[in-house]
Amino acid sequence: MTGTSTVSASQVSIGTELPQLRIEVTPTFVISTALATRDFQDVHHDRDLAQQRGSKDIFLNILTDTGLVQRFVTDWAGPEALVRSVNIRLGVPCYAHDTLTFSGRVAERVEVDGEQRFVIEVSGQSSLGEHVAGTVQIALPEVTT
Amino acid sequence: MTLAGKAAIAGIGATEFSKDSGRSELRLACEAVRGALDDAGLAPSDVDGMVTFTMDANAEIAVARELGVGELSFFSRVHYGGGAAAATVQQAAMAVATGAADVVVAYRAFNERSGQRFGQVSSAAAQQVNSSGVDNSFHYPAGIATPAATVAMAAQRYLYEYGATTEDFGRVAVVDRKHAATNPNAWFHGKPISLDDHQASRWIAEPLRLLDCCQETDGGIALVITSAERAKDLPHTPVQVAAAAQGSGTGQYVMTSYYRDELAALPEMSVVGRQLWEQSGLSHSDVDVAVLYDHFTPYVLLQLEELGFCGRGEAKDFIAGDTLELHGKLPLNPHGGQLGEAYLHGMNGIAEGVRQVRGSAANQVPGARNVLVTAGTGVPTSGLVLGDYG
Amino acid sequence: MTGTMDSDIAATVHEKAERIAAGGGSKPRPARDPVNTAMINNWVEAMGDDNPVYTDPEFAASSVHGGLVAPPAMAQVWTMNGLHGQRAEDDPLGAMMAALDEAGFTSVVATNSEQTYHRYLSPGEHVSASTELDGVVGPKRTALGEGFFVTTRTSWLVGDEVVAEMTFKVLKFRPAGSDDGTAGDAGAAPWQGPSGRVVDASERAAGVLRPVISADTEFFWAGTRVGELRIQRWGDTLRHPPGPVDPGGSMEATPDYVVAAGHGTVYSYVVHHNPPVPGKQLPFVVALVELDEGVRVLGELIDADPGEVSIGMPVRAVFLRVDEELTLPAWEVAR
């Protein structure tokens, strides 16, 4: 839940752990996110073709990973946190019927172009291992809004 | 009761050592046994016991049948590859000492170059359906599938732990080949090598080079063992079995004892050594000639340590200079060993021990009285102390 | 390990990469639609993102944005080619993929996506995208096979203003074990097991000596098939290789196993040069690894330069799937 209040910079300390986010990766979830990101590759919606190509099942697409990583961070930080970058490294596939669990922590505070930002480290684990890992840079208001 | 001095080796026999014998392994075995009996001044009909390696392809009854040995009252085989060599003599000595047999022949014969080559990958070893096959399942499929590779794993750790270099391995090869060069029966007669030759030879399984590995040989060797009493009536100086022992270590595997605290060690040889000194009443300092099993050079260094000639990791210093030469402190493998003379699974080393005690070796060490002979390393093994004690 | 690449092939790939890179960025390609609330709504519904700045006009108006904005992570969505879309003819990623296909590197896997958002977009704005080839690195030996890492940079523009950028990296590879590069997909796709990656080795390990499996060791080989390095446990004592009797001596005890994390260091190793070994390509490295859990386990150390291997080097488990029955435990250098 994003809620309506945004965490202020003064409330954040390095090492703060983000609340975990669990996503039940149903086939519906894989397909609806693939189509919502306009990714029509068959491995994201057609299990028969995905299996013919050597995959166990349909699996999440990369644009969805980026979206979920962003959501994971703003669910915690609040609606007015400004997302400045999402850098992800891709690991094992996340197949339908798996559960994807995001965890993260505030790794450091940096100044970019005169703006104070926090770097959030994020990891998304599925039953097969780390599906996605990366960092998100956000700017937060100085006072609670 | 002790075995010390109860039995003696009264005869030795061998075929020529070649790369292609042109005849069956059974024929080689029979020639070697016949040669050993002739050497002992005995007839086939005198034999009532036979011992060989589990790995030998020639059944005792086949050899007996071919040579007209007749009835046998004792026959036995010893397992674990070259680790069996000295143990065949131990078996024979025990049979003689207990009266199970009067005259026992120990033999080993194979076409190891023109036939099945041990240095190649043996799928039969990998796929034997028994506990050894299960042991091998953790090694062969991973790619540790040749004897050289199994030794290389321990050798690499040895280099790391003790600061030795592959030149230290090479020094063993150089001394073996130096001795072979002056042994007319050696395959490498007249062909010594230098340390540079060793260092320039191609990799087999790093850190082992080609010249760290023994040769491949077609041939046969046989030994005649009888009681020390009876041996006195035979033509040659009786070569007494002053001690004979087998050894297997804690956590023992065949060539892949990789899970013990110390990888760069051969504790099974320490088990052998302790018994040899105890049985014979001798110690390592009494040894005049060492015939140490040398299928791969690193394990010669480890044997020197396990048998007490030097401390752990000190073999490289112990062998410096002329220690291992004929006039040195511990003459090593005067026949040239299995790197220089022939690879007969350690049995040619026992024959050399006999010649040294008799005083008839090609490279005779003057006054050799106590000769230590060891069997295959990396496997459950065995050893002998041979001597002339009147 | 795959065979050594013909240096001519590598040279050709780099030559083409230089030519494509020299062509600069593709002509900006406009999105099908302007930034719009319908697609935003579809996206946030699917993602489960209920941030009101994307969907609640009232909240958004009073927020730092002063009105509705699109999720930054949608930047790329606006310019996706869509269901019947085709790559632009001047798209350098497409050209580079074609060049690598031609050279036999037929499989592709994305490895990194790095997006930077210079500002939020509002409904009604129309973005276009331009992509250029940033670089081609290789050939590299990877667990998937030998291949090239291809990096592209995409800029999203509103008019002349760059509003977002992406660096995107893919590995374009020749599946391990395929000599001619015509194998297409690398059999089963690699996946992460609990102790390490499981990679297809149906080609590279053809003819491998198969393990003799007993009732005491069956659990170990069942584990490798699912990416688990299972270490037998008797009470608190771990033991490898496994066996039927408690090292503590109890004949009543029964074992279970732990699944190793798959991390360890090289305790010793061999670089095997001769003779040939079935299922291996010369030379190859075999490492005896001391696991963090404290036991030693043997396996091939794949994709390692023999000259770089040393005792103490950190490695991690990888599983070589030979076929349905057999998956071999192995190692790769931990980087």
Quick one: which strands (runs of 3 or more DSSP E) sit completely within the stretch C:214-266 and have at least 1 residues that are out of contact with any helix residue (DSSP H, G or I) (no Cβ under 8 Å at 6 or more places or on another chain) and of a type in the set (Phe, Trp, Tyr)?
C:229-234
So which residues in the stretch A:78-112 are β-branched (Val, Ile, Thr), touching a strand residue (DSSP E or B) at 6+ places or on another chain (Cβ under 6 Å) and within 11 Å of chain C (Cβ to nearest Cβ)?
A:83, A:86, A:88, A:92
Just to be sure I understand, how many residues within the stretch B:35-49 are assigned to a helix (DSSP H, G or I) and either more than 22 Å from the chain's Cα centre (by Cα) or surrounded by fewer than 21 Cβ atoms within 10 Å (Cβ to Cβ) (or both)?
5
If I go through the stretch C:113-151 residue by residue, how many of them are under 22 Å from the mean Cα position of the chain (by Cα), surrounded by 21 or more Cβ atoms within 10 Å (Cβ to Cβ) and closer than 12 Å to residue C:167 by Cα?
4
Considering only residues that are more than 20 Å from the chain's Cα centre (by Cα), part of a helix (DSSP H, G or I) and within 18 Å of residue B:310 (Cβ to Cβ), which ones fall in the stretch B:246-285?
B:285
Residue count for the stretch C:233-283, restricted to those that are farther than 30 Å from residue C:203 by Cα and of a type outside the set (Gly, Ala, Ser)
17
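Considering each of C:64, C:13 in turn, give the residue that is surrounded by fewer than 17 Cβ atoms within 10 Å (Cβ to Cβ), touching a strand residue (DSSP E or B) at 6+ places or on another chain (Cβ under 8 Å) and among the aliphatic types (A, V, I, L, M).
On the way: C:13 fails: surrounded by fewer than 17 Cβ atoms within 10 Å (Cβ to Cβ).
Sole residue among the options that is surrounded by fewer than 17 Cβ atoms within 10 Å (Cβ to Cβ), touching a strand residue (DSSP E or B) at 6+ places or on another chain (Cβ under 8 Å) and among the aliphatic types (A, V, I, L, M): C:64.
For residues in the stretch C:267-307 being assigned to a strand (DSSP E or B) and of a type in the set (Asp, Glu), which is farthest from residue B:152 (Cα to Cα)?
In the first step, residues of the stretch C:267-307 are kept if they are assigned to a strand (DSSP E or B); the result is C:267-272, C:284-291, C:296-302.
Adding the requirement that they be of a type in the set (Asp, Glu) leaves C:290, C:300.
Details: C:290: 17, C:300: 14 Å.
Selected residue: C:290.
I'd like to know if the stretch C:300-321 contains one or more residues that are assigned by TED's automatic domain parsing to the domain that holds residue C:198, hydroxyl-bearing (Ser, Thr, Tyr) and more than 27 Å from the chain's Cα centre (by Cα). Spell out the reasoning first.
If we filter the stretch C:300-321 for residues that are assigned by TED's automatic domain parsing to the domain that holds residue C:198, which is where we start, we get C:300-321.
In the following step, the residues that additionally are hydroxyl-bearing (Ser, Thr, Tyr) were identified as C:310.
Narrowing further to those that are more than 27 Å from the chain's Cα centre (by Cα): none.
No, every residue in the stretch C:300-321 fails to be assigned by TED's automatic domain parsing to the domain that holds residue C:198, hydroxyl-bearing (Ser, Thr, Tyr) and more than 27 Å from the chain's Cα centre (by Cα).
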Look through A:63, A:128, A:140 and report the one residue that is at pLDDT below 95, facing another protein chain (nearest Cβ under 7 Å) and buried (at least 21 other Cβ atoms within 10 Å of the Cβ).
A:128
Within the stretch A:3-28, work out how many residues are surrounded by fewer than 20 Cβ atoms within 10 Å (Cβ to Cβ), in contact (Cβ under 8 Å) with a residue 12 or more places away in the chain, over 26 Å from residue A:82 (Cα atoms) and of a type outside the set (D, E, K, R).
2
Answer yes if at least one residue in the stretch B:185-193 is out of contact with any helix residue (DSSP H, G or I) (no Cβ under 7 Å at 6 or more places or on another chain) and more than 11 Å from chain C (Cβ to nearest Cβ), and no otherwise.
yes
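How many residues are touching a helix residue (DSSP H, G or I) at 6+ places or on another chain (Cβ under 7 Å), among the hydrophobic types (A, V, I, L, M, F, W, C) and either farther than 13 Å from residue A:39 by Cα or surrounded by fewer than 18 Cβ atoms within 10 Å (Cβ to Cβ) (or both) if we restrict to the stretch C:67-94?
Final tally of qualifying residues: 4.
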Can you list residue pairs whose Cβ atoms sit under 6 Å apart, with the first residue in the stretch A:45-68 being in a helix (DSSP H, G or I) and the second being among the aromatic types (Phe, Trp, Tyr)? Count only pairs 6 or more apart in sequence or on different chains.
none
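Out of B:354, B:365, report the one residue that is farther than 22 Å from residue B:198 by Cα, assigned to a loop (DSSP other than H, G, I, E, B) and of a type in the set (Val, Ile, Thr).
Details: B:354 fails: assigned to a loop (DSSP other than H, G, I, E, B).
Exactly one residue qualifies, and that residue is B:365.
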Breaking point among (1) surrounded by fewer than 24 Cβ atoms within 10 Å (Cβ to Cβ); (2) within 19 Å of residue B:382 (Cα to Cα), for residue B:296:
(1)
Inter-residue pairs, beta-carbon under 8 Å, first without any contact (Cβ under 8 Å) to a residue 60 or more places away in the chain and in the stretch B:99-110, second hydroxyl-bearing (Ser, Thr, Tyr), 6+ apart:
B:100/B:73; B:101/B:73
Given the conditions (1) within 10 Å of chain A (Cβ to nearest Cβ); (2) buried (at least 16 other Cβ atoms within 10 Å of the Cβ); (3) touching a helix residue (DSSP H, G or I) at 6+ places or on another chain (Cβ under 8 Å), every one holds for residue C:35 apart from (1)
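Yes/no per residue for (1) under 29 Å from residue A:133 (Cβ atoms); (2) modelled with pLDDT under 90; (3) part of a loop (DSSP other than H, G, I, E, B); (4) not charged (D, E, K, R):
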site	(1), (2), (3), (4)
C:114	yes, no, no, no
C:120	yes, no, yes, yes
C:131	yes, no, no, yes
C:143	yes, yes, yes, yes
C:151	yes, no, no, yes
C:166	yes, no, no, yes
C:177	yes, yes, yes, yes
Search the stretch B:191-230 for residues being without any contact (Cβ under 8 Å) to a residue 24 or more places away in the chain and over 24 Å from the mean Cα position of the chain (by Cα), and hand back the single one that is surrounded by the fewest Cβ atoms within 10 Å (Cβ to Cβ).
B:202
For the stretch B:54-161, list the helices (runs of 4 or more DSSP H) that sit wholly inside it and hold at least 1 residues that are away from every other protein chain (no Cβ under 14 Å); which are they?
B:60-67, B:85-98
Of all residues in the stretch C:201-215, how many are more than 7 Å from every other protein chain (Cβ to nearest Cβ) and surrounded by fewer than 24 Cβ atoms within 10 Å (Cβ to Cβ)?
6
Does residue B:331 satisfy the condition of being modelled with pLDDT of 95 or more, over 20 Å from residue B:263 (Cα atoms) and within 19 Å of the chain's Cα centre (by Cα)?
yes
Can you tell me which residues in the stretch B:1-29 are part of a helix (DSSP H, G or I), in contact (Cβ under 8 Å) with a residue 60 or more places away in the chain and not acidic (Asp, Glu)?
B:26, B:28, B:29
Name the pairs whose Cβ atoms lie under 8 Å apart, with the first residue in the stretch C:62-90 and facing chain A (nearest Cβ under 10 Å) and farther than 19 Å from residue C:34 by Cβ, the second surrounded by fewer than 15 Cβ atoms within 10 Å (Cβ to Cβ) and small (Gly, Ala, Ser), and 6 or more positions between them or separate chains?
none
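The values are calculated or read from the model by the stated rules, or taken from the named source; none is laboratory data. This structure is a prediction, so every number in the text was calculated from the model and none was measured. Don't worry about glycine lacking a Cβ; one is built from the backbone with ideal geometry, like all the others, and counts go over all protein chains shown.
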